[in-house]
Every structure is written in structure tokens, then in C-alpha cells.
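Okay, structure first, notes after.
The values are calculated or read from the model by the stated rules, or taken from the named source; none is laboratory data. All values reported here derive from a predicted model rather than from experimental measurement. A quick note on method: Cβ atoms are made from the backbone with ideal geometry, for glycine too, and the neighbour counts reach across all protein chains shown. To get the accessible areas, we keep the full protein, side chains included, count just its heavy atoms, and leave off ligands, DNA and RNA. Shrake-Rupley method; radii C 1.70, N 1.55, O 1.52, S 1.80 Å.
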Amino acid sequence: MTLTVRVISPDKTVWDAEAEEVILPSTTGQLGILSGHAPLLTALDTGVMRVRANKNQDWQAIALLGGFAEIEENEVTILVNGAERGNAIDLEEARTAYNQAQTKLNQVTAGDRQAQIQATQAFKRARARFQAAGGLV
């Protein structure tokens, strides 16, 4: 038995296919989904979602920029603020953005809370894109 998985961002549907397994970046940690999973509604953090269509195929990575996932009757519906398939991300561009975001995060002063929040969010986005592209394991 398989799962029907849909990843929907405001501007496009990023993934709409059958899958055997899904790993989601929930706000409480990684969440694995197999067929027969109990109904669930969960918040998603900025991170990498992994999908495997069948046991003979490799995992596909998708960078998610926060949102929600609903699991019900072997259907996984993921509504996100933004998403990008890993195979569509330029690895070197993602590496550069990751390094720049990490440097900026390290330079933010402890007293500037707004700048700290913005730098942390930018770092999480850059890290998710770099991981999805295959740069970080």
C-alpha cells in the first residue's frame, strides 16, 4: 500500500505522486510516515523533507520553508510557505548562500533580537536548500 503525497506552495505544486515513505521536518523533530499512519495534523519547520517512491529508488529531497502537514487515510497533504526540489537547486549556489548566512548569523550581536531572528531564519532556509541539494548530510 502506498501514500499519496502532495506538496503545495503558494505558487505551485512541488510534488504530487505516490510514495512508500515520507520523512517530514516537524517542529518537534523528524517525523516518519508510512501507509496506515494514524490521522495527524502537524506544524512543519524549515528543513528537508525526504520522499521515497518505492524501496528500489533513492530518496528525493525537498527543501520546505515551514508550513503544515495533514495525514489522513494514506494521503499526506503538505501546505508550505515555499518549497524547492533538491535536484533543482544549484549545489554551489546553495553552498555559497549557506556560508554567507552562517557568517551573518555569527556576526549578529546578542542585544539585537530582531536581527538575530532574521539571521536565524535566513540560516535555516540556506541550510535546508544546501541539504536538499546534497551538500550536507
What residues have an amide H closer than 5 Å to that of residue 134, excluding those fewer than 5 places away on the same chain, when H is modeled at 1.01 Å from N in the peptide plane?
none
Positive-end extreme of charge dipole, the chain - chosen from 128, 40, 54 (charges on Cβ)
128
For segment 46-98, the dipole about the Cα centre with charges only on Cβ (Lys and Arg +1, Asp and Glu -1), to the nearest 20 debye, works out at 220
Explain nothing, just the number: dipole magnitude of the chain about its Cα centre with +1 on each Lys and Arg Cβ and -1 on each Asp and Glu Cβ, in debye rounded to the nearest 20.
560
FRET efficiency for residue 121 and residue 13, using Cβ-Cβ distance with R0 set to 30 Å, rounded to 0.05:
0.80
Can you tell me the orientation of helix 91-107 relative to the chain, as the angle in degrees between its alpha-carbon axis and the longest Cα principal axis, to the nearest 10?
50
At a 1.4 Å probe, what is the % contribution of carbon and sulfur to the accessible area of segment 89-131?
45
Regression test value, accessible area per residue of segment 1-91, probe 1.4 Å, units Å², expected 53
Which of the listed residues, 15, 81, 2, is farthest toward the dipole's positive end in the chain, when Lys, Arg count +1 and Asp, Glu count -1 at the beta-carbon?
81
Which value, in Å² rounded to 10, gives the accessible area of residue 125 with a 1.4 Å probe and all protein chains present?
100
Using a probe of 1.4 angstrom, how much of the accessible area of segment 1-85 is carbon and sulfur, in percent?
47
Got a sec? Charge dipole of the chain, +1 on Cβ for Lys and Arg, -1 for Asp and Glu; which of 25, 114, 65 is way out at the positive end?
114
Between 0 and 90 degrees, rounded to the nearest ten: what's the tilt of helix 113-132 against the longest Cα principal axis of the chain?
50
At 1.4 Å probe size, with no ligands or nucleic acids counted, give the accessible surface of residue 72 in Å², nearest ten.
90
